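The values are calculated or read from the model by the stated rules, or taken from the named source; none is laboratory data. In this text the structure is predicted, and so the values were computed from the model without any measurement. Here the Cβ positions follow ideal geometry from the backbone for every residue, glycine too, while neighbour counts run over all protein chains shown. Note: accessible area is taken over every heavy atom of the protein model, side chains too, but ligands, DNA and RNA are not part of it. Shrake-Rupley method; radii C 1.70, N 1.55, O 1.52, S 1.80 Å.
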Amino acid sequence: MKRLLIMRHAKSSWKDTDLTDHERPLKKRGKDDAHRMGKLLKSKKIVPDVILCSTAARARETAELVADSMKFKDKIIYTDALYMAEPSDILSEIGNYGKKNKTVMVIGHNPGSEALLQILTGKVESLPTASIAYVTAKIDDWKGVEKSDGLKLKNLWRPKDLKKNK
């Protein structure tokens, strides 16, 4: 059984209009949400073997905060291919880097993240910023995961839902 965590980057700031989309940093709320989501994964004992992340500043910052909060010690793999990626690009990166890994986390952007979740599970779900979809797959290899019929959306965590449960 393989596990896939699909995370949309946390809430970014539009304050500095001189920055390109790729350079936008996180807002304070985004930083707080990223920490909260990392702690959630640690508490559920769902720490990935590898984190694949877009090179956008907001995604990189999200990855670093999540990794720190869940005590992830391995290297985060930053790849331009995940910046504003289509589902096929995301699947390709998972296939390239996730070979020997049981649990892969992908931190990216919408609409690609939501579309990937729909392709894999058949479910149409909203992924607001910092949300994490937890998908299990009855497969041996990540290559061709989208063709597997053993994919299941196990959980979907949204920061606003976690705040309500406090």
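Please enumerate the residues belonging to the stretch 90-133 that are among the acidic types (D, E) and at pLDDT 95 or above. If the condition is that a residue be among the acidic types (D, E) and at pLDDT 95 or above, then E114, E125 are the ones that fit.
Those strands (runs of 3 or more DSSP E) of the stretch 36-131 in which at least 3 residues are touching a residue at least 60 places away in the same chain (Cβ under 8 Å) and open to solvent by less than 10 Å² (accessible area, probe 1.4 Å), considering only elements entirely within it, cover 103-108. Of everything in the stretch 137-166 that is over 16 Å from H35 (Cα atoms) and either among the small types (G, A, S) or modelled with pLDDT of 95 or more (or both), the residue that is least open to solvent (accessible area, probe 1.4 Å) is A137.
Sort out which residues of the stretch 132-154 are over 13 Å from the mean Cα position of the chain (by Cα) and not in a loop (DSSP other than H, G, I, E, B), and write them in order of number. T136, A137, V145, E146, K147, L151, K152, L153, K154 - these are the residues of the stretch 132-154 that are over 13 Å from the mean Cα position of the chain (by Cα) and not in a loop (DSSP other than H, G, I, E, B).
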